[in-house]
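Notes follow the structure.
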Amino acid sequence: MKATRPVTTQASVLRPGESGYEELCAGWNLAWTQRPAVVIGVETESDVVAAIRLAADEDLAVAVQNTGHGIAVPADGDTALIVISHRDDVTIDPRARTATVGGGASWQPVLTAAQHHGLSPLLGSAPHVGVVGNTLGGGFGWLARRYGLAVDSVRALRVALADGRIVTTSPTEEAELYWAMCGSGGSSLGVVTEITLDLTPVATVVAGNLFFPLEDAHALFEHYLDWTASAPEELTSAFNITAFPPLEIVPEQLRGQTFAIVRGCWCGDPREGDRLLDHWRSWRTPLMDTWGPMEFSRSAEISMDPIDPLPAASSGKWLTEINTSVLEAMLETVTGPMLFAETRHAGAAVSRPNPSVSFSARHGERMLEFVGLITGPGADEEIDHRMEDAWARLGASLAPLPGYLNFAEGHEKAQAAHGAFDRPTAQRLAAVKRRNDPENVFRHGIPFAELGRD
């Protein structure tokens, strides 16, 4: 082994058996266990560079973790794990309508800071996930049909490469690296130390949930299809089946019950949003109605995703259409350890081409996601079986490029990557990988070399 250079003093460098090692390695998704040869908690850009050089000195691969929501390949004894969550500074430029964010920030602080200026980022549906991973994997949030995906809002990235260099990438500077990062999740090419994003002029929205009895699901689904068939782009919505577990973290009025839910967000004229909701309220009275005007800083209330760490599994794909076969798959899948199935309306700005980024899966009119909780022995196998069975049944409804990296993890994230890019894009990504990481130091993201051979 080579002599190891010290990491800068701001960083925490821990090895197996040392106090704090397991805590620093832990991510949000408790289904995954990281066991790297060394874990390095970084705070500054120079910490990141020093951590990469330490890994090189010890002949280790490099993996990156922020919140630990979307692990692709867990870090093992041949890996240095860089935990970047403390690099979380946020700067808002209200005149330029941009946010410049540390590589370890989650969405909520960015959203809160932007809202002070009447602005919002294009965050995904869960504000407690990491900005960088969510954005570079797509970022399908509640403003998407009007303003696009989070990946479409990236102005620039600062990236630490495998050789320790820091480069700034944008559509006009290191444009090929920028293109490859924006759509591939980023962690296969380097460590993003900073990201600059465009903000949207959204402060308040009309949003929330309508809860209906599960026995109304078929009628509700048909009504939802009619409602969204001609929906304006200011409306991003979803049809959801959720089996709320009997856990204390679940509000008492929902605990242990299964509902059919219509949820969404209207970011246009509030009066028009109210008229759209009248379509539902005049049709059938929901069991609960939380839909109304709100500051977009409260957007977590729309999806109601769990905040506390949990052992979970998820799988999502793009669909060309939804029909009763999709509903039947949702209803049959959400039993046992499954938490929910949700189909979200895409199209509009989501589908608009953006040749400056590699994100390619824009042809699906709908997204379908399944999520399960690994609550005991055998639950993970049952969840996998239910998801695989559902996708097998829905093969005819899948989009030409069905893969969506943000709704996959583990081996399925690698599989999703094969369905997220067409052949020319995959070959171009592989070429960028060869130029910037020829030794495959960042091998815990999606497998670029395999994509290039498809």
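The values are calculated or read from the model by the stated rules, or taken from the named source; none is laboratory data. These figures come from a predicted structure and were not determined experimentally. Positions of Cβ are generated from backbone atoms using ideal geometry, with glycine treated the same way; all protein chains shown enter the neighbour counts.
Odds and ends about this structure:
- Every condition in (1) loosely packed, with under 15 Cβ neighbours inside 10 Å; (2) in contact (Cβ under 8 Å) with a residue 40 or more places away in the chain; (3) under 22 Å from the mean Cα position of the chain (by Cα) is met by His345 except one, and the failing one is (1).
- Some residue of the range 185-196 being buried (at least 20 other Cβ atoms within 10 Å of the Cβ), within 18 Å of the chain's Cα centre (by Cα) and closer than 30 Å to Thr324 by Cβ: no
- Restricting the range 112-126 to residues that are hydrophobic (A, V, I, L, M, F, W, C) and crowded, with 24+ Cβ neighbours inside 10 Å, the residue that is nearest to the chain's Cα centre (by Cα) is Leu123.
- Selection within the range 262-290 - closer than 15 Å to Asn240 by Cα, among the hydrophobic types (A, V, I, L, M, F, W, C) and crowded, with 19+ Cβ neighbours inside 10 Å: Val262, Cys265
- Taken over the range 348-374, the criterion of being of a type outside the set (A, V, I, L, M, F, W, C), assigned to a strand (DSSP E or B) and in contact (Cβ under 8 Å) with a residue 60 or more places away in the chain is satisfied by Gly372 alone.
- Just one of the numbered conditions (1) at pLDDT below 95; (2) surrounded by fewer than 21 Cβ atoms within 10 Å (Cβ to Cβ); (3) not β-branched (Val, Ile, Thr) is not true of Ala417: (2).
- Any hit, the range 327-340, residues being assigned to a strand (DSSP E or B) and closer than 14 Å to Ala238 by Cβ: yes
- For the criterion of being buried (at least 17 other Cβ atoms within 10 Å of the Cβ), at pLDDT 95 or above, assigned by TED's automatic domain parsing to the domain that holds Ala160 and touching a helix residue (DSSP H, G or I) at 6+ places or on another chain (Cβ under 9 Å), Val62 fails.
- Every pair of residues 6+ apart whose Cβ atoms lie under 7 Å, when the first sits in the range 104-116 and is over 29 Å from Ala63 (Cβ atoms) and not assigned by TED's automatic domain parsing to the domain that holds Asp305 while the second is of a type outside the set (Gly, Ala, Ser) and in a helix (DSSP H, G or I): Gln115/Phe296
- Test: residue in the range 382-396 that is in a strand (DSSP E or B), in contact (Cβ under 8 Å) with a residue 24 or more places away in the chain and not acidic (Asp, Glu): no
- Checking Pro402 against (1) modelled with pLDDT of 95 or more; (2) part of a helix (DSSP H, G or I); (3) surrounded by 20 or more Cβ atoms within 10 Å (Cβ to Cβ), the condition it does not meet: (2)
- Of the residues contained in the range 127-141, one or more are found to be within 25 Å of Ala420 (Cβ to Cβ), surrounded by fewer than 19 Cβ atoms within 10 Å (Cβ to Cβ) and not polar (S, T, N, Q).
- Some residue of the range 39-56 being surrounded by 14 or more Cβ atoms within 10 Å (Cβ to Cβ) and over 21 Å from Thr193 (Cα atoms): no
- When Ala416 is tested against the conditions (1) in contact with a strand residue (DSSP E or B) (Cβ under 6 Å, 6 or more places away or on another chain); (2) assigned to a helix (DSSP H, G or I); (3) over 25 Å from Ala126 (Cα atoms), the lone failure is (3).
- Screening Asp89, Asp78 for residues that are without any contact (Cβ under 8 Å) to a residue 40 or more places away in the chain and either surrounded by fewer than 21 Cβ atoms within 10 Å (Cβ to Cβ) or assigned by TED's automatic domain parsing to the domain that holds Val191 (or both) leaves exactly one candidate, Asp89.
- Of all the criteria given as (1) more than 26 Å from Tyr404 (Cα to Cα); (2) not in a loop (DSSP other than H, G, I, E, B), the one not satisfied by Gly118 is (2).
Quick grid of which residues meet (1) small (Gly, Ala, Ser); (2) under 18 Å from the mean Cα position of the chain (by Cα); (3) surrounded by fewer than 22 Cβ atoms within 10 Å (Cβ to Cβ); (4) at pLDDT 95 or above:
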| position | (1), (2), (3), (4) |
| --- | --- |
| Ile307 | no, yes, yes, no |
| Trp318 | no, yes, no, yes |
| Glu321 | no, no, yes, no |
| Met330 | no, no, no, yes |
| Gly336 | yes, no, yes, no |
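- Condition met for Asp384 (modelled with pLDDT under 95, touching a His at 6+ places or on another chain (Cβ under 7 Å) and not β-branched (Val, Ile, Thr)): no
- Taking each residue of the range 257-275 that is outside the structural domain of Glu332 (by TED's automatic domain parsing) and looking for partners that are surrounded by fewer than 22 Cβ atoms within 10 Å (Cβ to Cβ) with beta-carbon atoms closer than 8 Å, six or more apart or interchain, yields nothing.
- Boolean, Tyr178 is within 24 Å of Glu365 (Cα to Cα), outside the structural domain of Gln65 (by TED's automatic domain parsing), under 20 Å from the mean Cα position of the chain (by Cα) and surrounded by 23 or more Cβ atoms within 10 Å (Cβ to Cβ): no
- Looking across the range 278-290, the residues that are closer than 13 Å to Trp227 by Cβ and either under 28 Å from the mean Cα position of the chain (by Cα) or aromatic (Phe, Trp, Tyr) (or both) come down to Trp280, Trp283.
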